[in-house]
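The values are calculated or read from the model by the stated rules, or taken from the named source; none is laboratory data. Only a predicted model underlies this, so the values are computations on that prediction, with no experimental measurement involved. Don't worry about glycine lacking a Cβ; one is built from the backbone with ideal geometry, like all the others, and counts go over all protein chains shown. Just the protein is used for accessible areas: all its heavy atoms, side chains included, with ligands, DNA and RNA removed. Shrake-Rupley method; radii C 1.70, N 1.55, O 1.52, S 1.80 Å.
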Amino acid sequence: MQPREFLRRLPAAVRAKLPAELAECRSGSGFSLVQLWYGNRALHYETWLRHRQDVIEIGLHFEADPLTNMRLLAAFRARERAVRMGLGDGTRIEEWDRGWTRLWEPVSLGTLDEALLARLASRLARYITTCEPLLREELPADVPWELRPLRAPSRTPRGRTRSSASTTRTLARSPRSARPRERP
């Protein structure tokens, strides 16, 4: 399978493995990566085909401002035991490039086929089910976060409704983080 086809199919494969309350994530892709996110695109789950390194990187990336990234990194390091219980000891929690931080792991690139697609979808779904509740709990109150419905279904030329798997329903934040946010 070609890389673009592989990446195009990955979000639907991940959503199919998520519980209903997390299946409404948004997604976007580039030439060699696909991202899934909820309330802030800068805080996203990513699958990145790194051909030169012969590896696929999967994980949770914090690519907001450096202060937000470091606060979230510190929060996830403080919750490292829960992260490792959910994801295993191979997950790396670290600072990265441009003030970004991440929880991630390398996966051997191999052949882009159905088996690898299913394996990565399962693993990324595991990242989401493990990390998203922690992210919502630890999210600093001053970090933008908007859970809103995506585009409403559009009509095709024949009048049928076309809807993506990530439309119409909003997700609730965890009880701890559902409190109203105070703005400076």
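Quick check on packing: order 95-108, 118-131, 77-90 by the mean number of other C-beta atoms within 10 Å, highest mean leading.
The peptides rank, most packed first, as 118-131, 95-108, 77-90.
For a quick size check, give me the Cα extents of the stretch 1-149 along its three principal axes, largest first, whole Å.
42, 34, 28
Net charge near Leu117: determine it from the other residues with C-beta under 14 Å of the C-beta of Leu117, scoring Lys and Arg +1 and Asp and Glu -1.
+4
Calculate what fraction, in whole %, of the accessible area of the stretch 1-101 sits on carbon and sulfur atoms when a 1.4 Å probe is rolled over the protein chains.
Looking at the stretch 1-101 in its full context, I get 49 percent from C and S.
Suppose all protein chains stay in the model; what accessible area per residue would a 1.4 Å probe give for the stretch 1-124, in Å²?
Roughly 48 Å² per residue, with all protein chains present.
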